[in-house]
Every structure is written in structure tokens, then in C-alpha cells.
Amino acid sequence: MSDNFDTMSNGNPKPAGFWRRISKRSKVIFLKSLLITMSSIVLAVGIGAFVWTRAISPPAIPTMGQRSLLPVVRLPDIGSGSEDPYEDYEFDIEYTWPAPERFTDDDVRDMFWTFLIIGLNEGTNANTVMVASYCGLTREANLISIPRDVPVHPTRRGRKLSSSYIAGSGGGRGREGGIAQVQRDVMNVIGFVPDFHILIDYDAFFTIIDAIGGIDIYVPMRMRYTDPHQDLNIDFHPGMQHMNSQQALEFSRFRMANRGYQSITDFQRVENQQAVINAVISRMLRPANILNIPEFVSIFNESVDTNLTVRNMMWFGLELNHIRGTDALSTYTFMPTHSSGRPMYYEFLNANDVLEIVNRTVNPFYQDIEVRDLNIIRS
């Protein structure tokens with residue numbers, strides 16, 4: 001019977017050839033309905049694509065003119081004996097071109113964005129300073145860590161890169177002043193001010209890590225350190241670990257170890273911090289989390305201080321979908337040539353070494369930045 005009958009919608013069999021006996025008028029009505037439906041779908045998709053490309057489009061790279069008036073303070077050399085040593089001082093506002101003066105908008109690379117990432121320690125010291133880049137043409141990203149102990153004031157009296165934020169934010173200048181001072185000091189090291197800044201404190205760190213359900217980190221060694229004064233109780237065994245936000249922060253902060261355990265250098269700690277960033281990206285690239293990128297963007301927007309707009313963040317978030325694994329993210333660290341030792345432990349950089357990395361990775365211009373463009377303090 002199955003060879004001679006089709007099935008009706010009510011389950012009853014219908015004689016074969018029934019559809020051939022439908023009236024011509026019914027067929028015309030059916031075809032018209034089908035065409036109208038298909039046309040509506042095509043129109044809806046077209047409108048949706050138009051709205052999407054207009055709403056979620058590649059971020060505009062700020063022009064040199066838009067970035068040329070970064071207000072920073074000219075700081076007197078008064079040391080750092082108090083929490084805010086600059087609180088009672090008057091400051092001159094200094095305006096700075098954000099790159100070598102010979103560079104114009106015509107020198108800026110297409111589809112290439114740069115970022116300044118500042119990680120605050122308890123809202124005061126910039127214990128983490130990184131410069132990142134993303135190329136929308138090759139879909140490659142680079143991340144450079146700048147040692148926090150690099151001197152950034154000519155006389156080196158308490159003015160390391162780690163103190164730039166607190167120096168700029170004091171005297172009521174707040175986050176805007178702190179960010180501007182870090183931008184100025186970073187420009188002396190790399191030769192330009194990145195397009196966008198991202199300021200992250202502990203609260204933002206916790207929120208972001210928890211939002212993605214924690215991260216998976218390989219712990220390279222036994223880590224054990226307790227310090228009641230800093231409310232630290234770090235205790236990790238070697239191997240792959242799934243960490244919540246508190247554990248990820250402890251892993252990022254670990255340097256000194258209890259007696260009987262091995263401490264690490266500041267540069268090994270930088271490698272751990274870079275591993276955390278890689279782990280965050282890997283977690284976001286999971287299929288289940290890619291669908292939640294709009295939610296992550298909302299959380300990120302509420303948790304960090306940045307000049308990225310929500311549309312900017314949405315576009316960069318969606319770009320993650322094109323990155324397979326973390327191979328597209330290359331990490332580097334500016335390695336000092338030597339240290340001053342006690343009591344300040346300044347870390348001194350070599351300008352040629354810095355430029356070799358900068359021009360190969362994060363330089364946003366078609367032409368190379370040169371030694372004359374830097375203001376790196378030497379011993």
C-alpha cells in the first residue's frame with residue numbers, strides 16, 4: 001500500500017496522484033505564497049546583514065590628531081615617601097604627540113590596532129604593563145610585557161613604571177591622570193602611544209575569570225607561599241589545574257616562596273601572567289563560550305576602564321572566532337640587560353633590543369621606529 005498512497009496530514013492514506021489533481025488555481029496560490037515567503041526571507045537577511053555590518057564593523061583607528069592632545073603632568077622629582085607624594089603639588093599640563101613627530105595618518109597601517117593593558121595592584125601600583133597588537137588582515141596578535149621595574153624618571157628616585165599610575169592619578173587627577181601618565185612613560189619605552197587602553201584591577205579580574213567559568217593553567221612547579229599581611233595563601237601542585245578567579249590571581253602574583261620551596265624571578269612571573277591571558281582566550285574560544293561573547297563584552301565593559309566602545313569590543317570579540325587555538329597570539333618580554341641591585345632593583349633596557357621586538361610585532365606604522373624616537377633611561 002505504501003507504493004500507491006501518500007499520507008495526509010491527519011494520518012489517513014491519500015491516493016497516489018492526488019497532488020496532480022490539485023486545481024491550477026490552487027497551484028498558482030501556492031507558488032505565489034512560496035515566492036512571497038522566500039522574498040521576505042531574502043529581504044530580512046539582507047536588512048539584517050546591512051544592520052550588522054553597520055553596527056558591528058571594524059573599529060576606526062584613532063587619527064594622530066585625535067590622539068595628539070593627551071594631557072599628562074610634568075612631575076617634580078620629590079621621591080616616593082608617602083602613599084601619594086604628589087598630593088600637595090601644582091602641576092603643569094603637558095601635551096604630547098603620540099608618536100614620532102615625522103609620522104602622519106598616512107603612515108598608519110591598515111586594519112592594525114594597538115592596546116595598552118594596565119593591571120593594577122590593589123588600585124595603586126601598575127604591577128602589570130603590556131602592549132598588544134592585532135592585525136585584522138592576518139588575524140595575528142602580539143603581546144609584549146614591559147618589566148614593571150624599568151626606570152621612567154631621569155633621576156630614578158622612586159619612579160619606576162610600576163609607580164607611573166599612582167604618580168599620575170594623585171592630587172585628584174584620578175584614573176584619567178593615571179592612565180595618561182602610564183601612556184607617556186610607555187611611549188618613552190616603545191616610541192608611540194597605543195590606540196586603546198585597558199585598565200584592569202582585582203575586581204575586574206575576578207569578574208572576567210568567573211564569567212568564563214574559570215581557566216585551565218599548567219603549573220610548572222610547586223608553588224607555596226603564605227603572607228597574612230597580604231592575605232595570601234598560595235598552594236599549587238605541578239600539573240594542569242582548573243582555577244577560579246582567586247586561584248588565577250594567586251598564580252599570577254606568585255614570586256616569593258616559603259622556606260623549603262622555590263621562588264621565581266619577576267620574569268617568570270610575567271610568563272605566568274601571559275599564560276593566564278592565553279588561558280582566558282582559549283576558554284573563550286570554546287564553542288559553548290563563543291555564543292556568550294555578547295555577554296562577556298557586557299561584563300568586560302562594566303568591569304574595566306577603557307576607551308573601547310561596546311561596538312569595538314563586540315567586533316574584537318567576534319574576531320576571536322577566527323583564531324584557532326592560541327598559536328595566533330605570540331608573547332614577548334623586554335629582557336633587561338642588567339639590574340641596579342639593592343635597594344631599588346631598577347631593570348635597564350637596551351633600546352636596540354626593544355626596537356627589534358617592537359618593529360617586528362606591535363609597531364602600527366609602515367616605517368620602523370628608531371632609537372632616536374625612544375627615551376629609555378640607561379644606567
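A simple spin-label model places the labels of residue 104 and residue 360 3.2 nm from each other, with each point 7 Å out along Cα-to-Cβ.
For the ranges 227-240, 106-119, what's the packing order if you count other beta-carbon atoms within 10 Å of each residue, average per peptide, and put the highest first? List each step's numbers first, then the result.
Values: 227-240: 11.1, 106-119: 17.9.
With the highest mean Cβ count within 10 Å placed first, the list reads 106-119, 227-240.
Calculated on C-alpha atoms, the gyration radius of the range 230-379 divided by its Kirkwood radius gives an Rg/Rh of 1.01. Mean projection of the Cα convex hull over all viewing directions, computed for the range 293-377: 8.8 nm². Kirkwood hydrodynamic radius, the range 69-373, all distinct C-alpha pairs: what's the number in Å? Kirkwood radius, the range 69-373: 20.3 Å. Within the range 69-373, antiparallel bridges make up roughly 80 percent of the DSSP beta bridges whose residues both belong there.
Taking θ as phi - 60° and the Karplus parameters 6.51, -1.76 and 1.60, the scalar couplings of the range 231-246 work out to 6, 10, 9, 8, 8, 10, 9, x, x, 6, 10, 9, 10, 7, 5, 5 Hz in sequence order, x denoting glycine and proline.
Ranked highest first by the average count of other Cβ atoms within 10 Å around their residues, in what order do 302-313, 176-187 fall? Kindly include the intermediate steps, with their values, before the conclusion.
Working: 302-313: 16.7, 176-187: 23.2.
Listed from highest to lowest mean packing, they are 176-187, 302-313.
Here the Karplus curve 6.51 cos²θ - 1.76 cosθ + 1.60, taken at θ = phi - 60°, turns the phi angles of the range 364-377 into couplings of x, 10, 5, 9, 6, 7, 10, 4, 5, 8, 9, 9, 7, 7 Hz, with x standing for Gly and Pro.
Express the Stokes-Einstein translational diffusion coefficient of the range 134-284 in µm² s⁻¹, to the nearest whole number, given a Kirkwood radius over alpha-carbon pairs, 4 °C and a viscosity of 1.567 mPa s. Intermediate values should be presented prior to the final figure.
On the way: Rh = 17.4 Å.
Translational D for this selection: 74 µm²/s.
When the alpha-carbon atoms of the range 168-240 are used, the pair Rg, Dmax equals 17.6, 46 angstrom.
Can you give the extra length, in nm with one decimal, that the chain gains between residue 222 and residue 345 once fully stretched, where that is 0.36 nm per residue apart less the Cα-Cα distance? Working shown, then result.
Details: separation 123, 0.36 × 123 = 44.28 nm, distance 2.60 nm.
Here the answer is 41.7 nm.
Values in this text are rule-based calculations from the coordinates and carry no lab data. Only a predicted model underlies this, so the values are computations on that prediction, with no experimental measurement involved. With ideal geometry, Cβ positions are generated from the backbone for all residues, glycine too; neighbour counts draw on all protein chains shown.
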